[in-house]
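Below is one structure, written out as structure tokens; comments come after it.
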């Protein structure tokens, strides 16, 4: 699977660890930056990740920042992205099964490397359940305000 990964400065180390982990599992990892821990703005990298997923460059995305909150908000601005902020594997699995999440967000200051790997495993192993969830998910890309 092609997986894009992006972070802000607070999550560069977690991004590197997860990128290496995903590569070791045989996935093609597209690192969208940043390359260093020099201060950056999470929306820039969230938007870059959202575009990669929406344009089909990547099938899934991993968005990381200090808390996971800001970058998930940025990714979710794109109507083709369904980014779920999680901190444990059950939420990661339910995000896929019920919400067809195509981007997983986590906070580097809140989630350790081993837990982040467990969340990724659940996210990647769980298919979308479809059925009663399909209509709800379709509404996420076409909001009626």
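The values are calculated or read from the model by the stated rules, or taken from the named source; none is laboratory data. Nothing here was measured: the structure is a model prediction, and the numbers come from that model. Note that each Cβ is placed from the backbone with ideal geometry, even for glycine, and that neighbours are counted across all protein chains shown.
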Restricting the first residue to the stretch 79-93 and requiring it to be in contact (Cβ under 8 Å) with a residue 12 or more places away in the chain and at positive phi, which pairs with a second residue that is part of a loop (DSSP other than H, G, I, E, B) and surrounded by fewer than 18 Cβ atoms within 10 Å (Cβ to Cβ) meet a Cβ separation below 6 Å and a spacing of at least six or different chains? none
Taking the conditions exactly as written (touching a helix residue (DSSP H, G or I) at 6+ places or on another chain (Cβ under 6 Å), over 20 Å from residue 109 (Cα atoms), at pLDDT 95 or above and not in a helix (DSSP H, G or I)), does residue 58 satisfy them or not? yes
Inspect all residues belonging to the stretch 36-48 and state whether any of them is surrounded by fewer than 23 Cβ atoms within 10 Å (Cβ to Cβ), under 20 Å from residue 84 (Cβ atoms), in contact (Cβ under 8 Å) with a residue 24 or more places away in the chain and within 13 Å of the chain's Cα centre (by Cα). yes
Looking only at residues in the stretch 100-115 that are in a helix (DSSP H, G or I) and out of contact with any helix residue (DSSP H, G or I) (no Cβ under 6 Å at 6 or more places or on another chain), which one is surrounded by the fewest Cβ atoms within 10 Å (Cβ to Cβ)? 114
For the list (1) without any contact (Cβ under 8 Å) to a residue 24 or more places away in the chain; (2) within 28 Å of residue 135 (Cβ to Cβ); (3) buried (at least 16 other Cβ atoms within 10 Å of the Cβ), I need the number of the one condition that residue 96 fails. (1)
Restrict the check to the stretch 50-67 and report whether at least one residue is within 13 Å of residue 8 (Cα to Cα) and surrounded by fewer than 24 Cβ atoms within 10 Å (Cβ to Cβ). yes
Collect the residues in the stretch 116-145 that are without any contact (Cβ under 8 Å) to a residue 40 or more places away in the chain, part of a helix (DSSP H, G or I) and either more than 25 Å from residue 12 (Cα to Cα) or under 13 Å from the mean Cα position of the chain (by Cα) (or both), keeping them in residue-number order. 119, 121, 122, 131, 132, 133, 134, 135, 136, 138, 139
Residue among 33, 19 that alone is part of a loop (DSSP other than H, G, I, E, B), surrounded by 15 or more Cβ atoms within 10 Å (Cβ to Cβ) and touching a strand residue (DSSP E or B) at 6+ places or on another chain (Cβ under 7 Å): 33
